[in-house]
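The values are calculated or read from the model by the stated rules, or taken from the named source; none is laboratory data. Since the structure is predicted, the reported quantities are computational estimates derived from the model, not experimental observations. Backbone-built Cβ (ideal geometry, glycine too); neighbour counts: all protein chains shown.
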Amino acid sequence: MKRFVHRMGPLGMVAVGILLLVVLGALSAPLIAPYDPTIGSVTQRYLGPSAAHLLGTDQAGRDIFSRLLWGARSSLIGPLIVVCVTAALGTLIALTSVWWGGAVDSLLSRLLDLLFAFPNLLLAMLAIAVFGPGLLTAAFALAIAYIPYTARVIRSTALRERNLPYVRSPELQGITGPTIAVRHLLPNVAPLIVTGATINFGFAMIELAALSFLGLGVQPPQADWGLMVANGQQSLLKGYPAESILAGLCIVLTVASLGYVGDKLGGRAAAGRKA
Amino acid sequence: MYVLRRLLALVGVLLVSSFLVFAAMYAAPGSPENFLVQGRTVTPEVLAAIRRQYSLDDPFLVRFWNWLTGVLHGDFGQSLTNRQEVGDLLANRLPTTLALVAMAAVLIVVLGVGLGIVAGVRDGVVDKIVVLGSTVGFAVPTFFAALLLMSVFSVWLGWFPVFGSGEGFADRLWHLTLPALALALPSAAVVARITRTAIRDERDSEHAVMAIARGVPSRIVMRRHLVRNSMLPVSTVVGVHIAGLIAGSFVVEYAFTLDGLGTLLVTAVQTKDFAVVQAIAIVLVAGFGIINLLVDLLYAAIDPRVGSRHTA
């Protein structure tokens, strides 16, 4: 713990604090949100901040604070799905191709190259065109799009480990590939997986929010930060900036904090992103 | 040789991905003829006629082959929603997207590399501001940047138009300034940071220290030793980000309601207009591949070791 604090530094601890706050808000939304995030009242439109509505209300008279709290949930669950699926499949592909090498390796590498040919958002939009809009479709499609980044990094590290004695000797003793991969290779690439996931989480959050902004991710009247920025666009142009600005700030703060923590943990290189 | 191999690989990727996209659209739940009649009850004969008109009864591989040969002849088929030729739709929309991406690319290079060099050479406040700005700038989603720019410069100050992409060159430039800025911002932030690091690494290197010690004028040290050498890592990052602009442009176009490929794709996805979705997907994958190829060639030109390693 002490080492962690030292490694993060003061700014890093602020970032960790912001992240904890966001997670806490998302978890306790049903308990602490003062209003239903989806139900508004026509007489309460565009209210300023007050004791009844901490951050005011939106164009449909819904409480912005409650919507931000509930929005934290879909804004976190989406990237969480992306990161978990990417890490699992990416690691599986990387370890499989490293263990067998040869034809399996080159086949899997071609497959990853093919995925690389699609811009992430395009792949997600194609999936949405086929399966219809929604958070789950968007998240799974993005997860697939992220696999090559993760798989490449893990592959190159695992390739180095592959010929070290601690992997070679159990192989000589006749222990099967999957066992060695899980027991010996996996623990040695695990830090890389975690760091990569931290960085990818930020990317996923922005891209999922963008999809919701385009009306292809989370569907109204559900609360979601990306959707709130989009909903607030009309109000913003009419001179009521609260909804868009606050939801946007939530995204910026969360992603910036994640990026900072991820950099401290091991840098973007671990996510296979050149930048 | 290297170029030829890369071009062949690109053609291969395009063929396979167009097959995959076509197959995905083919396998999509819901049938096209039901979409075409839009929920009206029609006799089976009418349905059959529609299926014949769009050749929906042909086997999958035949349809793919017809579509592919059509595309190679510049015929992308008809839009399902408004019967327009998809090729014409694309041709109308392409200039806006190209202009937007080109402007954003220039902004990324100028802003990103420029600020990065400044922050790399100067210590103190300037450096701190650029570093902080790049950390935050990277986290700002393009659509949020778009809204902020729009509300400040269009609504509040009234300097730029809120919507539309304009007529003629100058007007178009004026209309696209804010969208391009929003699109370029996150990438420029990353590029600035990478440039700064690269310049600092070079500044501490022996050849730079030696040059300064010999009394070489600082401008020349800057140009020949610092900037030139640091451009190697920077050029890859710039390339990756310029290729990434293609996807980012959808969102910015949508935010500013520009009539580009992105808005067309979004509406086509929402209305399940598969003919349009397929065509745009292929065009974008091709564009993405070409930009990536150009970047790699540029990289080989800057660093001769790259090309020779690939051909060896």
For segment B:253-299, name all the residues that are without any contact (Cβ under 8 Å) to a residue 12 or more places away in the chain and in contact with a helix residue (DSSP H, G or I) (Cβ under 6 Å, 6 or more places away or on another chain).
B:Val269
Test for B:Leu107: is it more than 27 Å from B:Leu232 (Cβ to Cβ), modelled with pLDDT of 85 or more, out of contact with any strand residue (DSSP E or B) (no Cβ under 7 Å at 6 or more places or on another chain) and surrounded by 14 or more Cβ atoms within 10 Å (Cβ to Cβ)
no
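In segment B:45-78, which residues are within 30 Å of B:Leu173 (Cβ to Cβ) and surrounded by 14 or more Cβ atoms within 10 Å (Cβ to Cβ)?
Within segment B:45-78, just B:Phe76 meets the criteria.
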Would you mind finding the one in B:Val136, B:Val155 that is within 12 Å of chain A (Cβ to nearest Cβ), assigned to a helix (DSSP H, G or I) and farther than 29 Å from A:Phe203 by Cα?
B:Val155
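Being part of a helix (DSSP H, G or I) and surrounded by fewer than 18 Cβ atoms within 10 Å (Cβ to Cβ) is the filter here; which residues of segment A:27-56 pass it?
Correct list: A:Leu27, A:Pro30, A:Leu31, A:Ile32, A:Val42, A:Thr43, A:Gln44.
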Given segment B:189-284, what helices (runs of 4 or more DSSP H) lie entirely inside it while holding 2 or more residues that are more than 14 Å from chain A (Cβ to nearest Cβ)?
B:206-213, B:228-255
Which condition number in (1) aliphatic (A, V, I, L, M); (2) away from chain B (no Cβ under 14 Å); (3) surrounded by fewer than 18 Cβ atoms within 10 Å (Cβ to Cβ) is the one that A:Leu111 fails?
(2)
Is segment A:118-132 home to any residue that is facing chain B (nearest Cβ under 8 Å), in contact (Cβ under 8 Å) with a residue 12 or more places away in the chain and over 21 Å from the mean Cα position of the chain (by Cα)?
no
Filter result for B:Ile117 (part of a helix (DSSP H, G or I), away from every other protein chain (no Cβ under 14 Å), over 22 Å from the mean Cα position of the chain (by Cα) and farther than 23 Å from B:His225 by Cα)
no
Give me the residue from segment A:203-223 that is out of contact with any Pro (no Cβ under 7 Å at 6 or more places or on another chain) and assigned to a helix (DSSP H, G or I) and, out of that set, farthest from A:Pro37 (Cα to Cα).
A:Phe203
Give the residue that is surrounded by the fewest Cβ atoms within 10 Å (Cβ to Cβ), with candidates limited to residues of segment A:162-187 that are in contact (Cβ under 8 Å) with a residue 12 or more places away in the chain and among the hydrophobic types (A, V, I, L, M, F, W, C).
A:Leu186
Kindly indicate whether B:Arg172 is surrounded by fewer than 20 Cβ atoms within 10 Å (Cβ to Cβ) and of a type in the set (D, E, K, R).
yes
Here's a check for you: in segment A:213-238, which residue that is more than 8 Å from chain B (Cβ to nearest Cβ) and over 27 Å from A:Pro30 (Cβ atoms) is modelled with the highest pLDDT?
A:Gln234
When you scan segment B:188-206, do you find a residue that is farther than 26 Å from B:Leu245 by Cβ, in contact with an Asp or Glu (Cβ under 7 Å, 6 or more places away or on another chain) and at pLDDT 85 or above, even just one?
no
Against the definition (modelled with pLDDT of 90 or more, over 29 Å from the mean Cα position of the chain (by Cα) and assigned to a helix (DSSP H, G or I)), how does A:Ala103 come out, yes or no?
yes
